[in-house]
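Structure record follows, encoded as structure tokens.
No value in this document is a laboratory result; all are computed from the given coordinates. Bear in mind the structure is a predicted one, so any value in this text is a computation, not a measurement. For neighbour counting, all protein chains shown are included, and Cβ atoms are generated from backbone atoms with ideal geometry for every residue, glycine included.
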């Protein structure tokens, strides 16, 4: 008599969590330095010292009845102004505080946005490889997920397949760049193609199609790669942003939704987002972290550590014969398994104490994800294990 | 093409928020000490100094990559153990960490619990006067709300009406004690009647009926009043708890769900709650506040201030001829309007700079809510205004 769907979701642990739990057990058995756990996307680079000082100063100097008080549901207006100004300064997009809705992280930004726009029969398009929770979030809102198969050439988007998948029920498209799990940044060319098709299809079907740009990894990019700001390419855009990875505070749950001021029905969309946040029980985002991110708007953790990790892993693994698209961002490497069955490959890897995640759950069988948000010396120590694993297949 | 329901929820501002916004505007016009804003339930007593020291110590002494990390979705196991032990010590109920799911406040505890158990056609019973968001949360999960009319005699529960309202579709019952807006604590007698009927009806209809005990005001009780712990009265009980009012941190969003270990399908219910939390986008409750509440498990803000406020207001208003059930808890007084139309009464009150909330939104027309979580001197200053208002009706 419970919800079978919710029971199923609760009982079926995510594959990533399973491996992570195994890793903790194995570490206790053989020592943490002998197990190479590349399973989970939990930032290992600490939050900036500056953020700590900001939090302590807020606690020391604020009236606690104000600091810890309810904010308005959409977030403190002063903080929203700072976020809006920051978007304007960085991307030239004229958003205001009234386009910003502060959320408990990107997951909340997605569930709220999807709930706000979904009516029965709606479909949302996601591109493989995709973050597995997209499926959960879309289905929880009562909509259907349409998956575009991966373009394993360069992990951009299979544009023909995308165009063919849009129909009269298409309500939205979720884009994730830099991508989890591939680490690839979608190029300006890819984005232009996607947005061109969306505009065409909006006319063809006579209704809006919303582009949801999920950007938790926006600040984690290397080699001066530019991540296109989608509001500047397509009017019906919603940005889902998070400070989890950029400031290494994933447990604190702070991020935002930005609604393009150029959206046709931008005020209604914002109101529906307020309604959906209310319906899902999000009273407001954690109040002290609202104040803290406003004061850390230009800060990030030391991203250079991730770049170093990526450089070592990408160079050494490709030398060993592993194939992967060069990741320009996030902290993931998505390599081709050395046999067709990625699960079997991961099982073999585990014998060398390498904990990898099969791509099947990301909608991309035959590949495995390596989360390189781990200590650099652990990455260096893991290289002989990757070499032995490759040798097994020669 | 957006969700009409969400758009409606977002556009229809809550009556309380409207009055609160008016109060801020009016304060700017005539001075904050001349307007008596009793509209909103935002704790005015500051969080304990001890909590501040705990938070600073966590920031100073913890590894930030751990402190701000994702916890497991159900919350840090050490914190869950401390919560479970605390429940055992206080109420003798043998809950364990595996019965506790830490949430982003009581609102999340409710939306997650309701989502976990709801299947199409379900009904949830609420007792007027009720917290208005119950309607929003139940309907958002796709279930129907059944309202039991208020028992305005003593603001306990109209047991006959309750019994008559249970049918084969009844999935749950939401109880809120100490009650918002009446401030009344349901007596052991009331609770025994409710639970007896539920047990009888479970047998009659051959399925579980869940009792959701929403307890954000549990610690705010006066004069040694005991608030029955519902797990000890009824096996199919879920407790929704919040630290928002007890520690004066409503903006930080921290609370929990406790599932009775004696529930028939307790493990499945817990799993479905995990699934629902995931589906709604609640990745974990704010991590630093998980640690903080564990260290403040026996602390509250200075509740004596609310008692003092209650005593003054209750005594003086009843002297002036206002009628209300004596509130034993929370920080609300629910008085009978001096004319049948509570909205009209509130409009007249506003002329005396008294901002009250009509009971209509709480399912109890003809009454008004006074939130006395304001400075005691403001309460004292407001008494002549209440006197003038009463005089208008003589």
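Build a GNM of chain A with springs between Cα atoms under 10 Å apart, and of A:155, A:334, A:20 the one that fluctuates most is A:20.
Residue by residue along B:116-126, Cβ atoms of other protein chains within 10 Å of the local Cβ number 2 on average. Counting pairs of Cα atoms in the protein assembly as shown, how many percent are more than 39 Å apart? Summing the P(r) of the protein assembly as shown above 39 Å gives 38 percent of all pairs. Label point of residue B:377 (7 Å along Cα→beta-carbon): distances to the other copies' equivalent points are 5.9 nm, sorted ascending. Between residue A:318 and residue A:57, full extension at 0.36 nm per residue minus the direct alpha carbon distance yields a gain of 89.3 nm. Residues B:377, B:151, A:214, ranked from the fewest to the most other C-beta atoms within 10 Å, line up as B:377, B:151, A:214.
Counting only the Cα atoms, region A:70-121 fills a convex hull of 106 Å³ per residue.
A Gaussian network model of chain A, with springs between Cα atoms under 10 Å, assigns the largest mean-square fluctuation among A:354, A:313, A:67 to A:67. Measure nothing fancy, just the Cα-based angle from helix B:342-351's long axis to the longest principal axis of chain B, in degrees from 0 to 90, nearest 10. Orientation of helix B:342-351: about 60 degrees from the principal axis. Once both labels are positioned 7 Å from their Cα atoms along Cα-to-Cβ, the gap between residue A:265 and residue B:139 label points is 1.8 nm.
For residue B:88, the point set 7 Å out from Cα toward Cβ sits 5.7 nm from its twins in the other copies, listed from shortest up. Run the helix sum for chain A: -39,500 (n - 2.57) per DSSP H stretch of 4+ residues, divided by residue count, reported at 222 nm to the nearest 500 deg cm²/dmol. So the calculated ellipticity at 222 nm is -13000 deg cm²/dmol.
What percent do you get for the relative contact order of chain A when only Cα pairs under 8 Å and 6+ apart count? Dividing the mean separation by the residue count of chain A yields 24 percent. Which of these, B:222, B:22, B:210, has the largest mean-square fluctuation under a Gaussian network model of chain B (Cα springs below 10 Å)? Maximum fluctuation in the GNM of chain B, among the listed residues, is at B:22.
Copy-to-copy label distances for residue A:347, where each label lies 7 Å from Cα along Cα-to-Cβ, are 7.5 nm in order of increasing length.
Shape of region A:218-294 from its Cα gyration tensor (a ≥ b ≥ c, root eigenvalues): rounded if a/c is under 1.5, otherwise prolate when a/b > b/c, or oblate?
Oblate.
Note on residue B:393 and residue A:189: the model spin-label points, each 7 Å out from Cα along the C-beta direction, lie 7.6 nm apart.
What distance in nm separates the two pseudo spin-label positions at residue A:165 and residue A:96, each 7 Å out from Cα along the beta-carbon direction? Reported label-point gap for residue A:165 and residue A:96 is 3.7 nm. Compute the Kirkwood hydrodynamic radius of region B:129-247, taking the inverse of the mean of 1/r over all pairs of distinct Cα atoms, and give it in Å to one decimal. Averaging 1/r across every pair of different Cα atoms and inverting gives 14.9 Å.
Note on region A:248-297 and region A:148-224: Cα centroid distance 23 Å, given to the nearest whole angstrom. For chain A, what log10 I(q)/I(0) values come out of the Debye formula at q = 0.07, 0.13 1/Å, with one point per alpha carbon and no solvent? For the requested q values the scattering log ratios are -0.33, -1.14. In terms of its C-alpha gyration tensor, region B:144-194 has a prolate overall shape, because the principal axis ratio a/c (a ≥ b ≥ c, square roots of the eigenvalues) is not below 1.5 and a/b outweighs b/c.
Dimensions of region A:67-295 along the principal axes, based on C-alpha atoms and rounded to the nearest Å, stand at 51, 43, 30, largest first. From largest to smallest, the equivalent ellipsoid semi-axes obtained for region A:1-139 from the alpha-carbon gyration tensor read 33, 27, 17 Å.
Under the criterion of Cα pairs below 8 Å and six or more residues apart, the relative contact order for region A:67-295 equals 29 percent. Remark: region A:18-65 projects, on average over all directions, an area of 5.7 nm² (convex hull of Cα atoms). Take every Cα pair under 8 Å in region A:8-100 that's 6+ residues apart, average their separations, divide by the length, and report that relative contact order as a whole percent. Relative contact order comes out at 15 percent.
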